[in-house]
Protein chains: 2
Amino acid sequence: MKWLNEIRFTADGLVPAIAQDAHTGKILMFAWMNRESLALTAQEGYAVYWSRSRNKLWRKGEESGHRQKVLAIQLDCDEDVILLKIEQEGGIACHTGRKSCFYRQLIDEQWQTIEPVLKNPDEIYKF
Amino acid sequence: MKWLNEIRFTADGLVPAIAQDAHTGKILMFAWMNRESLALTAQEGYAVYWSRSRNKLWRKGEESGHRQKVLAIQLDCDEDVILLKIEQEGGIACHTGRKSCFYRQLIDEQWQTIEPVLKNPDEIYKF
């Protein structure tokens, strides 16, 4: 997988990854990948990230069922950011039960919530 | 500007920022901000980043003229990523003269260019 060698990972071996809904263009989440997770993403066709908090591979949806089918993998001009065009299974990317993690907007100098919770997180992670 | 205190900057005092075309949803670029550049972005209404390579504030478009008018500033669930909804002046965000920095896609195990150069970089940066 020679294409992996063209990516400039950080000193920690990571690269930022943006997940965008392939159909609506909505930005759903941002996470990090290492070389292995990016290789697995390409191989398996579903997003695999590197969890910095848990220090392990994170197959998105492994607990919630909200997997991300990858339709395209794109790279930026500096070769240090990945963009995934995805289909979000279950329609929820955020652990808060919202469609997108970017659910707050700066309005009147305050972060105001602009997206509804679609599913109670307790229900998402109960199994 | 109390809202700035809610952002979790890295140990280096930075936060990743994604710039998305407010009208088409196209992801145009990815850069970093520090507290000052984010405050200036909100104040001035145009994207100001922190250039890690030049180690200074970077008013996007200061050389190219390709400024980014900010229509919305959004924050993710972990308070550590910023999303800007912007209008891209000149229609070109990338220093290569393309609309978006994410102009390569993984096809047949190769990074293939999928977007045209709209303007020669020599012409963009000649002044």
task: Six or more apart or on different chains, Cβ under 7 Å: which pairs go from a residue in segment B:111-126 that's in contact (Cβ under 8 Å) with a residue 60 or more places away in the chain to one that's part of a loop (DSSP other than H, G, I, E, B)? Could you list them?
output: B:Ile124/B:Ser64; B:Ile124/B:Gly97; B:Tyr125/B:Glu63; B:Tyr125/B:Ser64
- prompt: How many residues does segment A:1-23 contain that are within 16 Å of the chain's Cα centre (by Cα), under 24 Å from B:Val15 (Cβ atoms) and either in a loop (DSSP other than H, G, I, E, B) or without any contact (Cβ under 8 Å) to a residue 60 or more places away in the chain (or both)?
  reply: 1
task: All but one of (1) in contact (Cβ under 8 Å) with a residue 24 or more places away in the chain; (2) touching a strand residue (DSSP E or B) at 6+ places or on another chain (Cβ under 7 Å) hold for A:Gln74, so report the exception by its number.
output: (1)
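Give B:Asp122, B:Asp76 a once-over and let me know the one that is modelled with pLDDT of 95 or more and charged (D, E, K, R).
On the way: B:Asp122 fails: modelled with pLDDT of 95 or more.
One residue alone meets the criteria, B:Asp76.
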query: Does segment B:38-60 hold any residues that are over 14 Å from the mean Cα position of the chain (by Cα) and either among the acidic types (Asp, Glu) or more than 14 Å from chain A (Cβ to nearest Cβ) (or both), and which are they?
result: B:Glu44, B:Asn55, B:Lys56
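Could you check, for segment A:104-115, whether at least one of its residues is at pLDDT 95 or above and either within 16 Å of the chain's Cα centre (by Cα) or of a type in the set (Ser, Thr, Tyr) (or both)? It would help to see each step written out before you state the result.
Going through segment A:104-115, the residues at pLDDT 95 or above turn out to be A:104-115.
Among the residues that remain, those that are also either within 16 Å of the chain's Cα centre (by Cα) or of a type in the set (Ser, Thr, Tyr) (or both) are: A:113.
Yes, segment A:104-115 contains a residue that is at pLDDT 95 or above and either within 16 Å of the chain's Cα centre (by Cα) or of a type in the set (Ser, Thr, Tyr) (or both).
Give me a count of the residues in segment A:8-30 that are of a type in the set (A, V, I, L, M), under 14 Å from A:Ile73 (Cα atoms) and touching a Phe, Trp or Tyr at 6+ places or on another chain (Cβ under 9 Å). Before the answer, list the steps.
Our first condition is that a residue be of a type in the set (A, V, I, L, M); within segment A:8-30, this holds for A:11, A:14-15, A:17-19, A:22, A:27-29.
Remaining after also requiring under 14 Å from A:Ile73 (Cα atoms): A:15, A:17-19, A:22.
With touching a Phe, Trp or Tyr at 6+ places or on another chain (Cβ under 9 Å) added as a condition, the list becomes A:15, A:17-19.
Counting residues in segment A:8-30 that are of a type in the set (A, V, I, L, M), under 14 Å from A:Ile73 (Cα atoms) and touching a Phe, Trp or Tyr at 6+ places or on another chain (Cβ under 9 Å) gives 4.
Using the structure shown, decide if A:Gly97 is in a loop (DSSP other than H, G, I, E, B), farther than 12 Å from A:Leu28 by Cβ, more than 14 Å from every other protein chain (Cβ to nearest Cβ) and of a type outside the set (Phe, Trp, Tyr).
Working: in a loop (DSSP other than H, G, I, E, B): yes; farther than 12 Å from A:Leu28 by Cβ: yes; more than 14 Å from every other protein chain (Cβ to nearest Cβ): no; of a type outside the set (Phe, Trp, Tyr): yes.
Spelling it out, it is not the case that A:Gly97 is in a loop (DSSP other than H, G, I, E, B), farther than 12 Å from A:Leu28 by Cβ, more than 14 Å from every other protein chain (Cβ to nearest Cβ) and of a type outside the set (Phe, Trp, Tyr).
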message: Looking at segment B:5-37 only, could you name the residues that are of a type in the set (S, T, N, Q), buried (at least 20 other Cβ atoms within 10 Å of the Cβ) and more than 10 Å from chain A (Cβ to nearest Cβ)?
response: B:Ser37
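I need a count of the residues in segment A:61-86 that are touching a helix residue (DSSP H, G or I) at 6+ places or on another chain (Cβ under 9 Å) and more than 14 Å from every other protein chain (Cβ to nearest Cβ).
Of the residues in segment A:61-86, 6 are touching a helix residue (DSSP H, G or I) at 6+ places or on another chain (Cβ under 9 Å) and more than 14 Å from every other protein chain (Cβ to nearest Cβ).
Does segment A:24-31 contain any residue that is at pLDDT 95 or above and over 17 Å from the mean Cα position of the chain (by Cα)?
No, that holds for no residue.
The values are calculated or read from the model by the stated rules, or taken from the named source; none is laboratory data. The model shown is predicted, which means the values in this text are computed figures rather than measured ones. When we count neighbours, we look across all protein chains shown, and the Cβ atoms used for this are built from the backbone with ideal geometry, even at glycine.
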